[in-house]
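Report on the structure given below.
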Amino acid sequence: MVEIIVVEDELAHAELIRRAFETRADEFEVEVVSSLARARERLAETTPDLVITDLMLPDGSGIDLIPGEDQRAEYPVVVMTSHGDEKVAVEAIKAGALDYLVKSAETLSTMPHIAERSLREWNQMHELERTQQQLLHAQKMEAIGNLSSGIAHDFNNLLMGITGCTDLALGKLDEGNDARRYVEEIKKAALRGASLTRQLLAFTRKKEVEPRVVEFNEVVAEAKNLLRPVLSEDISFDVDLSDARLYVRCDPGQIEQVLVNLVVNARDAMPQGGQVRVSTTSVEVDEAGARRLGEVPAGEYVVLSVADNGTGIDPETLEHIFEPFYTTKDVGQGTGLGLSTIYGIVKQVRGEIVVDSEVGRGTTFHIYLPRTDEEPEQLTQAPTHDVEGNGETILVVEDESLVRLTVRGYLERGGYRVVTAKDGDEALAIAGGAAQSIDVLLTDMVLPGLKGPDIVEKVRGHHPDIQVLYMSAHSAEQLLADARLDADADVLQKPFTEIDLLTEVYQLLRAEPSVAIEDAAADAPTQLDERRERSQAGLLLVEDHDTARWTIRELLQDEGYTVYEAADGAAAVEVFDAHASEIDLVISDMRLPDVAGTSLVGELRQQKLDKQKRDMAVIFTSGKDADDPKVRQAVGAPHTTFLGKPVDFDGLLDTVERMLEALANDQARSAAQ
């Protein structure tokens, strides 16, 4: 039934309008009032579907019934007058009237048709406005998604380096070593970071779904650590897990997203505090129960429940809560996508959602997921001989130095020969100069200069039978969507584990190891020869922090440098005495346990000059700022520079190469003179 309020003070006109609507009494409910004041009273009490008002009323203008610009128009207003006046019509429309009519016998007698037309136009206008708002919101979400995806990409590269280096470090530490537990904690933190990245990519819809059989209680227990921080201190939080083992095929990252969204909604429904309870159980659903649930078959289900004692949801709102962009929160407080995303995730695994809510008492969401008898898949295991190599050569192309270091360590521990390149040009130089075949090309997708697929195409010109494995901080799904990858390409998504990598490489080689070959870079072109020649220089690394010293040493050795190391000044002097003729560059912390780095370097430099009549390059490192007076004084010496901590590893490699090249050029000029 369409509710209409007619505001008309002329009795004859009011009667004609009333009679016109009487012929459609089953469709329209019409109330006629005769003054502006009475109309305002009724509008304060009810919200009609349409207001039809005379322009000139005994106590004011009908235009005053039109909501102002600062008010949300909840109903359309049609203005009518006995005298046609274009100026007045323009003013009425500008004020927000939906339409302007000149009263006549014909107009008043066809008022039901005018009402229908007005309501149709009103609905079309609001539908267009709603569509425009949704489009703007979607564009905003896409922009946020692109930003989030980019952050996740960079973060995945960092996590790959952290988890990889901790794996390699754990491989070098005995079980009884006190440092193991600290390294293990670093790895756990990095894995939690990877979980957050998965959520970020799931939010942006740029992560492929990875369903697998899981023990559901374990997934919820893991997610508990993510849930408590989103709740305020005045909200109690309880988790009650079933004693039974509950197996479900799902994407654990998506279940975490479901839980986070539901708990956040529960929090927002309790501004004065309250209680949130998460629980799991198992139920048998018969045919009748399945029909009540919706579009699910009868069977056994795992039920995840999230309950709060907040404000509750009224029945009208309850009908719309799963609609995209629908939100009852204030502007800027909600996206309107949380529950619709949950709905999509649950439906994707053929589940169902039931909502019990009572205004003033709280809300409980029940998520029904099909239970399975399958055992959970084992995702982590120690590398075994089954996936180890037999001396095959792998060319690794990766611009992130920590990732390159990690991947090399993984592969060498797995029995492979490894050649590394930091970009496409270097990779092509190695591939073009290799005397024998390279078995596998492992390349990042996104690199400076040539991209992964371009490198693959050019390397295959030299090695047509080479196997290819891509690695990327983006998902394969996103790479396919962006048309950057063939559908049949093999992709490892960062961060990956050692067993992930070794398994993929082993499968590529189809368990048919090739004959081990000599270093593929041995006969590379002149550009690479020059870099390898420079890398024969000896470096002395003086750093008292064990982890930093180990990481920098591995990084430099990975680039081909000979690295001598010391943890303090006394040890550095002993190492230098034994290898002074081989050391061309010293990297030293400015603050060492037993001596200032500047004093140590001054002593070593003088010894070099006295015994060998030539200088050496120096790189100081420190947490101090580059503008610190002590730093400025230290870098005043020839062939001396400074890098702030934490050290950027790519910057370190570039600086080492630049300093050695400058030193060699100066020495060449001195010899020529």
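Of the residues contained in region 444-451, none is found to be within 21 Å of Y506 (Cβ to Cβ), hydrophobic (A, V, I, L, M, F, W, C), in contact (Cβ under 8 Å) with a residue 60 or more places away in the chain and out of contact with any Pro (no Cβ under 9 Å at 6 or more places or on another chain). For residues in region 253-269 being charged (D, E, K, R) and more than 20 Å from R350 (Cβ to Cβ), which is surrounded by the most Cβ atoms within 10 Å (Cβ to Cβ)? Checked region 253-269; the qualifying residue surrounded by the most Cβ atoms within 10 Å (Cβ to Cβ) is R267. Total residues in region 328-355 satisfying the condition of being part of a loop (DSSP other than H, G, I, E, B), at pLDDT 60 or above and within 22 Å of D268 (Cα to Cα): the figure is 0. Within region 623-638, the presence of a residue that is surrounded by 17 or more Cβ atoms within 10 Å (Cβ to Cβ) and modelled with pLDDT of 90 or more is excluded.
Any residue at all in region 373-385 that's surrounded by fewer than 18 Cβ atoms within 10 Å (Cβ to Cβ), charged (D, E, K, R) and modelled with pLDDT of 85 or more? Within region 373-385, one or more residues are surrounded by fewer than 18 Cβ atoms within 10 Å (Cβ to Cβ), charged (D, E, K, R) and modelled with pLDDT of 85 or more. When residues in region 188-236 are screened for being at pLDDT 75 or above, crowded, with 19+ Cβ neighbours inside 10 Å and β-branched (V, I, T), 4 of them pass. Number of residues in region 393-411 that are β-branched (V, I, T) and either assigned to a helix (DSSP H, G or I) or without any contact (Cβ under 8 Å) to a residue 12 or more places away in the chain (or both) equals 3.
Quick check, is V306 in contact with an Asp or Glu (Cβ under 9 Å, 6 or more places away or on another chain) and in contact (Cβ under 8 Å) with a residue 40 or more places away in the chain? Here the answer is no, as V306 does not meet what is asked.
Looking at this structure, is A672 out of contact with any Asp or Glu (no Cβ under 8 Å at 6 or more places or on another chain), over 27 Å from R408 (Cα atoms) and surrounded by fewer than 13 Cβ atoms within 10 Å (Cβ to Cβ)? In short, yes. Confirm whether R277 is at pLDDT 85 or above and in a loop (DSSP other than H, G, I, E, B). Judged against the criteria, R277 is not a match. Among the residues of region 541-548, are any modelled with pLDDT of 90 or more and acidic (D, E)? Yes, the conditions are met somewhere in region 541-548. All told, E129 meets the bar of being over 22 Å from M1 (Cα atoms) and outside the structural domain of D9 (by TED's automatic domain parsing).
The set of residues from region 270-301 being surrounded by 19 or more Cβ atoms within 10 Å (Cβ to Cβ) and either more than 33 Å from the chain's Cα centre (by Cα) or under 24 Å from G360 (Cα atoms) (or both) comprises M270, G274, V276, V278, V285.
Of the conditions (1) part of a loop (DSSP other than H, G, I, E, B); (2) surrounded by fewer than 17 Cβ atoms within 10 Å (Cβ to Cβ), L447 satisfies every one except a single condition; which number is it? Answer for L447: the failing condition is (2).
Counting only strands (runs of 3 or more DSSP E) that sit wholly inside region 1-95, those with at least 3 residues that are out of contact with any Leu (no Cβ under 9 Å at 6 or more places or on another chain) are 28-33.
For V656, state whether it is under 26 Å from Q557 (Cβ atoms) and modelled with pLDDT of 85 or more. When the stated conditions are applied, V656 passes them. Considering each residue of region 237-252 in turn, at least one proves to be surrounded by fewer than 21 Cβ atoms within 10 Å (Cβ to Cβ), part of a loop (DSSP other than H, G, I, E, B) and either among the basic types (K, R) or not assigned by TED's automatic domain parsing to the domain that holds E352 (or both). For region 284-295, the condition of being closer than 19 Å to F216 by Cα and at pLDDT 85 or above holds for at least one residue.
The values are calculated or read from the model by the stated rules, or taken from the named source; none is laboratory data. Everything numeric here is computed off the predicted structure, so don't read it as measured data. FYI the Cβ positions are ideal-geometry reconstructions off the backbone, even for glycines, and counts take in every protein chain you see.
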